Amino acid sequence: MSDWIWDGGRLCLDLVNTLRDRYREGRELLVAPDLLAEWLREVGLGTSAPTDEHVSTARELREAIDRAVHARAQGSPIAAPDVELINEVARGENPAIQLRVSSDGSVAAFRPAPQDPVSAALAAVAVDAIELLAAEPFPRVAVCAYHRCGLRFLDTSPARNRQWCSMARCGNRAKARQHYARRTGS
Ligand SMILES: [Zn+2]
């Protein structure tokens, strides 16, 4: 098991957080197809084996989402190539719902299985990003305040003042650090 973290509060932000340690140059967790497969399984989108190309797409989508969310949070325009990339992945390959009428006259809607289930899974992540980016007013997406973290999360706290990706992880580390600084007077 990789050290996945599920504190983003949104599927698309959990993807962004698969590049860990963004406070420095970043540490890649999606290093191979089987790790993308594991991540997709964990979020309930895993159905088949990704390829190296899927891994590249996932990483490109991830960085486009991160830049787009950052732009949105700043009130600046989202770069056109990022909009294009997110839209392209979102189009993915999601077969349209079809109407099926059986010989006994019963009627049902069904969605044919996609040819490329991994692209369909990545499309679901891109659609989640689109829904987040299009939200009006744009919610607070914060970067964890711990200086050695960098995780992104959707802040749904009542006062919109959540500081840590997780109290158990970074909140306690930050408190221990403050305590230590007080004791040593540094
Ligand atoms: Zn953190």
remark   = Note on Asn161: of the conditions (1) within 16 Å of the ligand (Cβ to nearest atom); (2) modelled with pLDDT of 90 or more; (3) buried (at least 16 other Cβ atoms within 10 Å of the Cβ), unmet is (3)
inquiry  = Give all pairs with beta carbons closer than 8 Å in which a residue from the range 17-35 that is touching a residue at least 24 places away in the same chain (Cβ under 8 Å) and on the phi > 0 side of the Ramachandran plot meets a residue that is in a loop (DSSP other than H, G, I, E, B) and surrounded by fewer than 17 Cβ atoms within 10 Å (Cβ to Cβ); count only pairs at least 6 apart in sequence or on separate chains.
reply    = Asp21/Arg148
key: Unique match (being in contact with a Cys (Cβ under 6 Å, 6 or more places away or on another chain) and modelled with pLDDT of 95 or more) among Asp14, Asp7, Asp52, Asp66   = Asp7
note = In the range 51-84, anything aliphatic (A, V, I, L, M) and in a loop (DSSP other than H, G, I, E, B) is listed as Ile78, Ala79
Hey, Thr47 under 18 Å from Pro117 (Cα atoms) and either touching a residue at least 12 places away in the same chain (Cβ under 8 Å) or surrounded by 14 or more Cβ atoms within 10 Å (Cβ to Cβ) (or both) or not = yes
request  = Give me the pairs, please: first residue somewhere in the range 159-177 and closer than 21 Å to Val16 by Cβ, second residue anywhere and more than 9 Å from the ligand (Cβ to nearest atom) and aliphatic (A, V, I, L, M), beta-carbon distance under 7 Å, and either six or more positions apart or on two chains.
outcome  = Arg162/Ala142
task = Please state which of the following conditions Arg72 fails to meet, knowing it meets all the rest: (1) over 16 Å from the mean Cα position of the chain (by Cα); (2) charged (D, E, K, R); (3) more than 16 Å from the ligand (Cβ to nearest atom).
result = (1)
task = Report yes if Val107 is over 30 Å from Asn172 (Cα atoms) and at pLDDT 95 or above, otherwise no.
result = yes
remark   = Taking the range 87-144 and the residues there that are surrounded by fewer than 18 Cβ atoms within 10 Å (Cβ to Cβ) and within 16 Å of the ligand (Cβ to nearest atom), the one that is farthest from the chain's Cα centre (by Cα) would be Arg140
key: Matching residues in the range 167-186 - criterion: being within 16 Å of the ligand (Cβ to nearest atom) and either surrounded by fewer than 18 Cβ atoms within 10 Å (Cβ to Cβ) or more than 27 Å from Leu61 (Cα to Cα) (or both)   = Met167, Ala168, Arg169, Gly171, Asn172, Arg173, Ala174, Lys175, Ala176, Arg177, Gln178
ask   = What residue, of Arg41, Arg20, Arg27, is surrounded by fewer than 16 Cβ atoms within 10 Å (Cβ to Cβ), within 16 Å of the ligand (Cβ to nearest atom) and under 16 Å from the mean Cα position of the chain (by Cα)?
value = Arg27
ask   = What do you reckon, is Val83 more than 16 Å from the ligand (Cβ to nearest atom), over 23 Å from Trp39 (Cα atoms) and under 20 Å from the mean Cα position of the chain (by Cα)?
value = yes
query = Taking the stated definitions as given, is Arg72 in contact (Cβ under 8 Å) with a residue 40 or more places away in the chain and touching a Ser or Thr at 6+ places or on another chain (Cβ under 8 Å)?
reply = no
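The values are calculated or read from the model by the stated rules, or taken from the named source; none is laboratory data. All figures in this text were calculated on a predicted structure; none of them were measured in a lab. Don't worry about glycine lacking a Cβ; one is built from the backbone with ideal geometry, like all the others, and counts go over all protein chains shown.
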